[in-house]
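A.B. asks: Have a look at this one.
The values are calculated or read from the model by the stated rules, or taken from the named source; none is laboratory data. Note that the structure is predicted; figures quoted are calculated from it, not measured. Please note: Cβ atoms are built from the backbone with ideal geometry, for glycine as well, and neighbour counts cover all protein chains shown.
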């Protein structure tokens, strides 16, 4: 019964999208299976579109967050993977697809429909419709603004869902934010139907995927810039040498740190590495910078980010402290390069 109620709730949320699809002249009927067949991961449902000639199956991906360039790249990578592994084209149900994003998605073969009626639908060689230009109604920009504190709260609850039910003070301390921000953020997540408060007052996560989407979107658009200490170049040419120096200096200064991005992904999976070293560190000071002989360089390969919460560091592998997989995943998505996105997909499949 709970599964049927959840499916009905999700279908109500998609009502506008489905109405736009039904208005397409060659779509005769739409059927949704909310429990995809085993082995088809990362999609929200299987959609069957009936046409005058035959039925077409697509993998449904629901995105209610803003589609910036990085998120669009991740969606295209997901489309290619699902089509390659499962022979399913992707159908994106989005909040809003602006014209440049829609053109990019269509060029990559991604089907989409948004709440205002922008749509791209190509079903084999038989049917094709492409409509762009409908604009999203303007809303009060302050009403739904996402700040760093909310994104840190999203990460905290994503990393440890049980903390959603903690007292406000404990939840705020764990997320590295103020108590007012924690209380207001938790209430907002109830309004967004990410969390639920039961009759006995207990909080629980009811939509983990929306929680994850909001965190990754917020990390790439808001939180990463807030955490960025700076980019640098170091005397050591090899990242392994710099990591050794950094670890020694951090131990002497009693500073917590963890690698993220490609370095962490390679430590976890031995799949992808690049020439950029990204490190989360707590208590960074000019003296520490001088000790490491780091020279500010806006294109430098050393990226230092401020650590912020209880779950930043996740696991120690050899001498390497690795950040939580959700932070590693978000950093790879922010990187946005095809191999980084592929590594992010592998990481999500294995660890998240």
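A.B. asks: Here are 47, 113: which of them is closer than 20 Å to residue 29 by Cβ and at pLDDT 95 or above? Talk me through it step by step, then tell me what you get.
C.D. replies: Numbers: 47 fails: at pLDDT 95 or above.
Testing whether each residue is closer than 20 Å to residue 29 by Cβ and at pLDDT 95 or above leaves just 113.
A.B. asks: Looking only at residues that are more than 13 Å from residue 217 (Cβ to Cβ) and in contact (Cβ under 8 Å) with a residue 60 or more places away in the chain in region 151-172, which one is surrounded by the fewest Cβ atoms within 10 Å (Cβ to Cβ)?
C.D. replies: Top of the filtered list is 160.
A.B. asks: Have a look at 239, 148 and point out the one that is surrounded by 14 or more Cβ atoms within 10 Å (Cβ to Cβ) and in contact with a strand residue (DSSP E or B) (Cβ under 6 Å, 6 or more places away or on another chain).
C.D. replies: 239
A.B. asks: Could you say which residue among 245, 316 is outside any loop (DSSP other than H, G, I, E, B), in contact with a helix residue (DSSP H, G or I) (Cβ under 7 Å, 6 or more places away or on another chain) and more than 30 Å from residue 80 (Cα to Cα)? So that I can check it myself, show each step before the final result.
C.D. replies: Details: 316 fails: in contact with a helix residue (DSSP H, G or I) (Cβ under 7 Å, 6 or more places away or on another chain).
Checking each option against the conditions leaves just 245.
A.B. asks: Please go through region 248-277 and give me each residue that is touching a strand residue (DSSP E or B) at 6+ places or on another chain (Cβ under 8 Å), part of a loop (DSSP other than H, G, I, E, B) and within 25 Å of residue 339 (Cβ to Cβ), ordered by number. So that I can check it myself, show each step before the final result.
C.D. replies: Looking only at region 248-277, we keep the residues that are touching a strand residue (DSSP E or B) at 6+ places or on another chain (Cβ under 8 Å), and these are 250, 255-264, 267-268, 276-277.
Narrowing the set further to residues that are part of a loop (DSSP other than H, G, I, E, B) leaves 255-256, 276.
Result: 276, single match.
A.B. asks: Restricting attention to region 285-299, and to residues there that are more than 27 Å from the chain's Cα centre (by Cα) and part of a loop (DSSP other than H, G, I, E, B), which single residue is surrounded by the fewest Cβ atoms within 10 Å (Cβ to Cβ)? Step through it out loud before you land on a result.
C.D. replies: Pass one, region 285-299, residues more than 27 Å from the chain's Cα centre (by Cα): 285-297.
From the residues that got through so far, the ones that are part of a loop (DSSP other than H, G, I, E, B) too are 285, 293-294, 297.
Details: 285: 10, 293: 13, 294: 22, 297: 13.
Within region 285-299, the match that is surrounded by the fewest Cβ atoms within 10 Å (Cβ to Cβ) is 285.
A.B. asks: Still on this structure, please answer the following. Determine which single condition residue 189 fails, assuming it passes every other condition in (1) surrounded by 13 or more Cβ atoms within 10 Å (Cβ to Cβ); (2) in contact with a helix residue (DSSP H, G or I) (Cβ under 8 Å, 6 or more places away or on another chain); (3) outside any helix (DSSP H, G or I).
C.D. replies: Result: residue 189 fails condition (3) only.
A.B. asks: Sticking with this structure for a sec: Checking the structure you have, find out if any residue of region 144-160 is modelled with pLDDT of 95 or more, at negative phi and part of a loop (DSSP other than H, G, I, E, B).
C.D. replies: Checked against the condition, which is being modelled with pLDDT of 95 or more, at negative phi and part of a loop (DSSP other than H, G, I, E, B), region 144-160 yields at least one hit.
A.B. asks: Can you pull out every residue in region 312-341 that is more than 14 Å from the chain's Cα centre (by Cα) and more than 28 Å from residue 245 (Cβ to Cβ)?
C.D. replies: Within region 312-341, the subset more than 14 Å from the chain's Cα centre (by Cα) is 312-323, 337-339.
If the condition is that a residue be more than 14 Å from the chain's Cα centre (by Cα) and more than 28 Å from residue 245 (Cβ to Cβ), then 338 is the only one that fits.
Yes/no per residue for (1) modelled with pLDDT under 85; (2) surrounded by fewer than 19 Cβ atoms within 10 Å (Cβ to Cβ); (3) closer than 30 Å to residue 338 by Cβ; (4) touching a helix residue (DSSP H, G or I) at 6+ places or on another chain (Cβ under 7 Å):
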| site | (1), (2), (3), (4) |
| --- | --- |
| 25 | no, yes, no, no |
| 37 | yes, yes, yes, no |
| 41 | yes, yes, yes, yes |
| 53 | no, yes, no, no |
| 56 | no, no, yes, no |
| 60 | no, no, yes, no |
| 82 | no, no, yes, no |
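A.B. asks: Given the structure, is residue 280 surrounded by 20 or more Cβ atoms within 10 Å (Cβ to Cβ), within 29 Å of the chain's Cα centre (by Cα), in contact (Cβ under 8 Å) with a residue 40 or more places away in the chain and not in a loop (DSSP other than H, G, I, E, B)?
C.D. replies: Working: surrounded by 20 or more Cβ atoms within 10 Å (Cβ to Cβ): yes; within 29 Å of the chain's Cα centre (by Cα): yes; in contact (Cβ under 8 Å) with a residue 40 or more places away in the chain: yes; not in a loop (DSSP other than H, G, I, E, B): yes.
Here the answer is yes, as residue 280 does meet what is asked.
A.B. asks: Being outside the structural domain of residue 337 (by TED's automatic domain parsing) and more than 30 Å from residue 186 (Cα to Cα) is true for just one of 55, 94, 162, 71. Which residue is that?
C.D. replies: Numbers: 94 fails: more than 30 Å from residue 186 (Cα to Cα); 162 fails: more than 30 Å from residue 186 (Cα to Cα); 71 fails: more than 30 Å from residue 186 (Cα to Cα).
Answer to the check: 55.
A.B. asks: Which residues, counting only those in region 329-339, are part of a helix (DSSP H, G or I) and closer than 18 Å to residue 223 by Cβ?
C.D. replies: So the first thing to find is which residues in region 329-339 are part of a helix (DSSP H, G or I), and the list is 329-335, 338-339.
Residues satisfying the conditions are 329, 330, 331, 332, 333, 334, 335.
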